[in-house]
Amino acid sequence: MSSERTTTTAEISAIELEEIITELQKYRDRLVHDTTEAIHKARLPKAKALAQMEPELMKIDAMMQEVRDRHAALLASN
């Protein structure tokens, strides 16, 4: 099964990685925006709500960094 993943990963192009990065960034931005709006409408403490969202943002940021690293490695190998 790991050979399937290796083949799939090897077939991912730089353009596809750029698209993944863009989509992750859009998702992150939308999550922050929608959460901020909900906090405002519900009149909740913004700092507390954003702190609760921080673990999810860290996961997204880590995914984006991993894809950026793969993208850089792919560009360097070409």
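The values are calculated or read from the model by the stated rules, or taken from the named source; none is laboratory data. Since this is a predicted model, take the numbers as computed values, not measurements. When we count neighbours, we look across all protein chains shown, and the Cβ atoms used for this are built from the backbone with ideal geometry, even at glycine. Surface accessibility is based on the protein's heavy atoms, side chains included, excluding ligands, DNA and RNA. Shrake-Rupley method; radii C 1.70, N 1.55, O 1.52, S 1.80 Å.
Looking at region 4-38 only, could you name the residues that are in contact with a helix residue (DSSP H, G or I) (Cβ under 6 Å, 6 or more places away or on another chain) and at pLDDT below 90? If the condition is that a residue be in contact with a helix residue (DSSP H, G or I) (Cβ under 6 Å, 6 or more places away or on another chain) and at pLDDT below 90, then 14 is the only one that fits.
Residues in region 53-62 that are under 11 Å from residue 24 (Cβ atoms) and either outside any helix (DSSP H, G or I) or open to solvent by 90 Å² or more (accessible area, probe 1.4 Å) (or both): how many? Number satisfying all stated conditions: 1. Checking each residue in region 14-40 for being free of Cβ contacts under 8 Å to residues at least 24 places away in the same chain, under 22 Å from residue 71 (Cβ atoms) and among the polar types (S, T, N, Q) picks out only 22. Taken over region 54-78, the criterion of being touching a residue at least 24 places away in the same chain (Cβ under 8 Å) and among the acidic types (Asp, Glu) is satisfied by 56, 61.
Does residue 50 fit the bill of being at pLDDT below 90 and surrounded by 12 or more Cβ atoms within 10 Å (Cβ to Cβ)?
Numbers: at pLDDT below 90: yes; surrounded by 12 or more Cβ atoms within 10 Å (Cβ to Cβ): yes.
Against the criterion (at pLDDT below 90 and surrounded by 12 or more Cβ atoms within 10 Å (Cβ to Cβ)), residue 50 qualifies.
Within region 23-47, being assigned to a helix (DSSP H, G or I) and exposed (fewer than 12 other Cβ atoms within 10 Å of the Cβ) holds for 26, 29, 30, 33, 34, 37, 38, 40, 41, 42, 47.
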